Amino acid sequence: WQEAVTGYCQGGGLAYCAAQHTNVDVAIPFYGLPPNTSCQLEKITIPVQAHYGTNDTSFPAARVNAAWALLTSTNKHPDTKLFMYPGLPHAFMNAW
């Protein structure tokens, strides 16, 4: 069995925490970042596929890129990917 965790907004942040603190196989956060006190991005070793809109005012691209740089400074898994969707705001999945 393979297990994934996904989450949106605060749940997206918690998906990163689950990636560090549980035995899931992959994390798929949507527009969220973890609280600094409960998760260290540089300690995540499983694949992460993260999804953000470039017009997200809750999680601006600069903040996402800084967090992603920290995560990928140690996470070299080939399936770790950041997807930035041009022009989309926070909670863009609510549109579907």
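The values are calculated or read from the model by the stated rules, or taken from the named source; none is laboratory data. Just so you know, these numbers come straight off a predicted model, no measurement behind them. Calculation scope for accessible area: heavy atoms of the full protein, side chains included, ligands and nucleic acids excluded. Shrake-Rupley method; radii C 1.70, N 1.55, O 1.52, S 1.80 Å.
A few comments on the model shown:
- In plain terms, the chain from ASP25 to ASN55 could stretch by 7.8 nm, reckoned as 0.36 nm per residue minus the Cα-Cα distance.
- Whole-Å distance, taken between Cα centres, linking region 9-47 and region 63-96: 12
- Accessible area in square angstrom per residue, the chain, 1.4 angstrom probe: 57
- Contact order for the chain, expressed relative to its length and based on alpha carbon pairs under 8 Å spaced 6+ residues apart, stands at 26 percent.
- Along principal axes, Cα extents of region 42-96, largest first, whole Å: 32, 22, 15
- Most mobile of LEU33, LEU82, LEU14 in a GNM of the chain (Cα contacts under 10 Å): LEU82
- For the chain, the share of accessible area belonging to carbon and sulfur comes to 57 percent (1.4 Å probe, ligands and nucleic acids excluded).
- Set the Cα radius of gyration of the chain against 2.2 N^0.38 Å, with N its number of residues, and you get 0.99.
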